[in-house]
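The values are calculated or read from the model by the stated rules, or taken from the named source; none is laboratory data. Keep in mind that what you see is a predicted model, and the values were worked out from it rather than measured. Here the Cβ positions follow ideal geometry from the backbone for every residue, glycine too, while neighbour counts run over all protein chains shown. Accessible surface is based on the protein model in full, side chains and every heavy atom, while ligands, DNA and RNA are left aside. Shrake-Rupley method; radii C 1.70, N 1.55, O 1.52, S 1.80 Å.
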Amino acid sequence: DTDVLNLNTTAWTVVDPNIVDGGSATMYQPGKFMKAGSATDSQNVGPSSNTTFVLDMAQPSPTWRQTASMAYPRSFLNLTMLPDGTVLATGGETDKDGGKIANAVYAAELWSPQTESWCTMSSMHTPREYHGTALLLPDGRVLVSGMGFDFGNVPDEKSAEFYSPPYLFKGARPTITQSPSQIQYGSSFFVGTPDAASIASVSLIRTGAVTHFFDQNERFLPLSFTQAGGGLTVTAPVDANLAPPGYYMLFIVNSAGVPSIAPFVQVP
């Protein structure tokens, strides 16, 4: 089932008693979660799943809701938030062994939170199964790497490759010329950009901490903003429940969906 922990009482409460599969997950909006594929461990048996589920914790009685499935069944996949709010699925295997290279999934898939559906994208050069990782970079690309030894059945892949999402081929990038090194909860801060008139969204994406197909830090936080002289006035997240202290990438995205290169900002 799906539970939540009350940090004040240290007590768990059941949110949804139903068990639905998910090999990787992300928080694609505050309080909204998506998971896809099959949860398993290496050397398990059986076919992987391609199912996708979403959970909205703002609902009166939150439950996992099934949405359109991926094109490929996947275990050992990674889900990565992108600065335009979409989610990238990379790697994995069509069965639950973790080391059958013949069953590797090479094609990436891109999930839209608006349509709740997937599009198949370009393919990796190297299989990424058990112990593979994927990490969003400040320039909007995704670093995909690894796959490692596990009881002799998984070859060590010590290489890395970069995925460039479609938004990097849609025209010039907006630029950030000034940003704070720290932001305070509930405050406003200035972001300098010569492209203020074309900016459609501003967001914070937590720096990554990826292992075993989960980015433990992953969260996408859209920020409200207004145009100001020479840039944007942006409103910081309201509290630590929404944005735990730490480092984030600050992205601005224009009306064509093209993101800036992100500076790092700290929420102290």
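Using θ = phi - 60° and the Karplus relation 6.51 cos²θ - 1.76 cosθ + 1.60, list the HN-Hα couplings for region 84-93 in order, rounded to whole Hz, with x at every Gly or Pro.
Karplus values, whole Hz, x for Gly and Pro: 8, x, 8, 10, 9, 9, 9, x, x, 8.
Where is the GNM fluctuation largest for the chain (alpha-carbon springs, 10 angstrom cutoff): Ile19, Ile252, Ile101?
Checking each option, the largest mean-square fluctuation is seen for Ile19.
Give the label of the value calculated from the structure for Kirkwood radius over Cα pairs in Å, choosing from (1) 19.4; (2) 23.1; (3) 21.2.
(1)
Tell me whether region 40-184 comes out rounded, prolate or oblate; compute the Cα gyration tensor, take square roots of the eigenvalues as a ≥ b ≥ c, and use a/c under 1.5 as the rounded threshold.
Working: a/c = 1.89, a/b = 1.29, b/c = 1.47.
Since a/c reaches 1.5 but b/c is at least a/b, the shape of region 40-184 is classed as oblate.
Mean 1/r over all different Cα pairs, inverted: what Kirkwood radius does region 209-268 give, in Å? The partial results should precede the final answer.
Values: mean 1/r = 0.0744 Å⁻¹.
Across region 209-268, the inverse of the average 1/r is 13.4 Å.
Say a site is exposed when it is one of the chymotrypsin sites (Phe, Trp or Tyr not before Pro), sits in a DSSP loop, and has at most 13 other Cβ atoms within 10 Å; what is then the longest site-free stretch of the chain? Display every interim value, and only then the final one.
Values: sites that count: Phe149, Phe151.
Result for the longest clean stretch: 1-148.
Could you pull out every residue, at least 5 positions away or on a different chain, whose amide H is within less than 5 Å of the one on Ser48? Hs are placed 1.01 Å off N in the peptide plane, and Pro or chain starts have none.
Answer set, sorted by chain and number: Asp95, Lys96.
Mean-square fluctuation check for the chain, GNM, Cα pairs under 10 Å: which of Ser255, Ser201, Ser69 is largest?
Ser255
Is the C-alpha gyration tensor of region 162-268 telling us rounded, prolate or oblate? Criteria: a/c under 1.5 is rounded; beyond that, a/b larger than b/c is prolate, otherwise oblate. Each step should come with its number before you reach the end.
On the way: a/c = 2.14, a/b = 1.11, b/c = 1.92.
Oblate.
Which value, in Å², gives the accessible area per residue of the chain when a 1.4 Å probe is used on the protein heavy atoms? Show your work: numbers first, answer last.
Values: 11980 Å² over 268 residues.
I get 45 Å² per residue for this part.
Ignoring ligands, DNA and RNA, how do Glu109, Glu157 rank by accessible area with a 1.4 Å probe, largest first? Display every interim value, and only then the final one.
On the way: Glu109 0, Glu157 50 Å².
Largest accessible area first, the residues go Glu157, Glu109.
Can you give the extra length, in nm with one decimal, that the chain gains between Val15 and Gln59 once fully stretched, where that is 0.36 nm per residue apart less the Cα-Cα distance? Walk me through the numbers before you get to the answer.
On the way: separation 44, 0.36 × 44 = 15.84 nm, distance 1.08 nm.
Result: 14.8 nm gained on full extension.
Using only Cα atoms, locate the centre of region 127-185 and the centre of region 188-256, then give the distance between them in Å, rounded to an integer.
18 Å
Given the options Leu221, Leu168, Leu136, state which has the largest fluctuation in a GNM of the chain using a 10 Å cut-off (strictly under) for Cα springs.
Leu168
Place a +1 charge on the Cβ of each Lys and Arg in region 125-268 and a -1 charge on the Cβ of each Asp and Glu, then give the dipole magnitude about the Cα centre in debye, rounded to the nearest 20. Please list the in-between numbers first.
Working: 7 positive and 10 negative charges, 78 e Å.
About 380 debye.
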